[in-house]
1. Let's see if you can work this out: charge +1 on each Lys and Arg Cβ, -1 on each Asp and Glu Cβ, no other charges. What is the dipole magnitude of region 9-202 about its Cα centre, in debye to the nearest 20?
2. Tell me, what is the Rg over Rh of region 41-84, with Rh the Kirkwood radius over Cα pairs?
3. Any number yet on Rg/Rh for region 9-202, C-alpha, Kirkwood?
4. Quick check on the exposure proxy: order 31, 81 from fewest to most C-beta atoms within 10 angstrom.
5. Sum up the charges of everything whose Cβ sits under 11 Å from the Cβ of residue 6, counting Lys and Arg as +1 and Asp and Glu as -1, but leave residue 6 out.
6. Would you mind ranking 79, 101 so that the residue whose beta carbon has the fewest other beta carbons within 10 Å leads the list?
7. Report, in deg cm²/dmol and to the nearest 500, the calculated mean residue ellipticity at 222 nm for the chain, where each DSSP H run with n ≥ 4 adds -39500 (n - 2.57) and the sum is divided by the residue count.
8. So how tilted is helix 181-202 from the main axis of the chain? Cα-based, degrees 0 to 90, rounded to 10.
Amino acid sequence: MLPVGVDLRRLDGPSQRDDPPLILWNQRAEHDKGPDEFAAAIVALAARGAEFRLALAGERFVSEPTAFDRLREALAGRVVHDGFADDAAYGALLRASDIVVSTAHQEFFGVAITEAIYAGAFPLLPNRLVYPERIPLRHHERCLYDRPDDLVTKLEWAIANRREAAAVADQLHPVMAALDWSTVAPRYDDRFERLIAGRAETM
C-alpha cells in the first residue's frame with residue numbers, strides 16, 4: 001500500500017531549541033484529537049514541577065474546545081505560541097519544538113505529527129490508530145503510551161532526558177523523510193505506469 005506523500009522539505013532549515021524545552025500541539029483543535037486529554041496531561045505535568053514551554057499551533061475553528069482556555073488560564077506564562085502560523089513561522093516553530101504530543105482518537109495518517117517528527121521533535125503518541133505502524137518497533141516503548149498517566153510520565157522523562165529524547169528524534173527523521181513527495185511520487189508514477197501497461201495488455 002502506498003503512503004500519503006507529505007511536503008516535508010519545505011520544513012528544512014536551522015533549528016533553534018531553547019530552554020526550557022518546548023512542547024508542541026500542532027493538530028486540529030477538535031474533539032476527535034483529544035484536546036481535553038492533552039490539556040489534562042500538560043496541567044498534570046506542570047503540577048509535578050516540570051519546566052517547559054508550550055506551543056498551540058493547530059488549526060482552529062469557531063467551536064474551539066474549552067480545554068485550550070483552561071490551558072491558557074493555568075499556564076499562561078508558558079504559552080509561547082497560540083493560534084495560526086503561516087508556513088514560514090510554522091516551520092520555524094516545528095524546528096524549535098522538543099516534543100510533539102498527540103492524544104488523537106481519530107487519525108488516518110498523521111500529517112501534522114509526521115511534519116513535527118521530521119523537523120526534529122520527539123513524539124509522544126497514543127498506542128493506537130496509525131501510530132504503531134508509523135513509529136518503528138524499537139521506539140515503541142519510548143514514544144507510545146497506553147494511559148494518560150503513562151503520557152505524563154513519558155513527558156516528564158523527555159524533559160529530564162532531553163539529549164536522549166533528541167537522539168530518538170534524530171533516528172526517526174529518516175523514517176519520516178521517506179514520506180516526502182520526492183520519494184513517494186516516483187512510487188506512484190511507477191504504480192500508475194504498471195497499471196496502464198497491464199490494462200493495455202488486456203485490450
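1. Working: 24 positive and 31 negative charges, 56 e Å.
Here region 9-202 has a charge dipole of around 260 debye.
2. Here Rg/Rh amounts to 0.97.
3. Answer for region 9-202: 1.03.
4. The order, fewest Cβ neighbours first, is 31, 81.
5. Net charge around residue 6: -1.
6. Going from sparsest to densest Cβ surroundings: 79, 101.
7. Values: 9 runs with 98 residues, N = 203.
Rounded to the nearest 500, it is -14500 deg cm²/dmol.
8. Value to nearest ten degrees: 30.
Here, each number is a calculation from the coordinates, and none is a lab measurement. Since the model is a prediction, treat every value here as computed from it, not as a measurement. Positions of Cβ are backbone-derived with ideal geometry, glycine not excepted, and every protein chain shown enters the neighbour counts.
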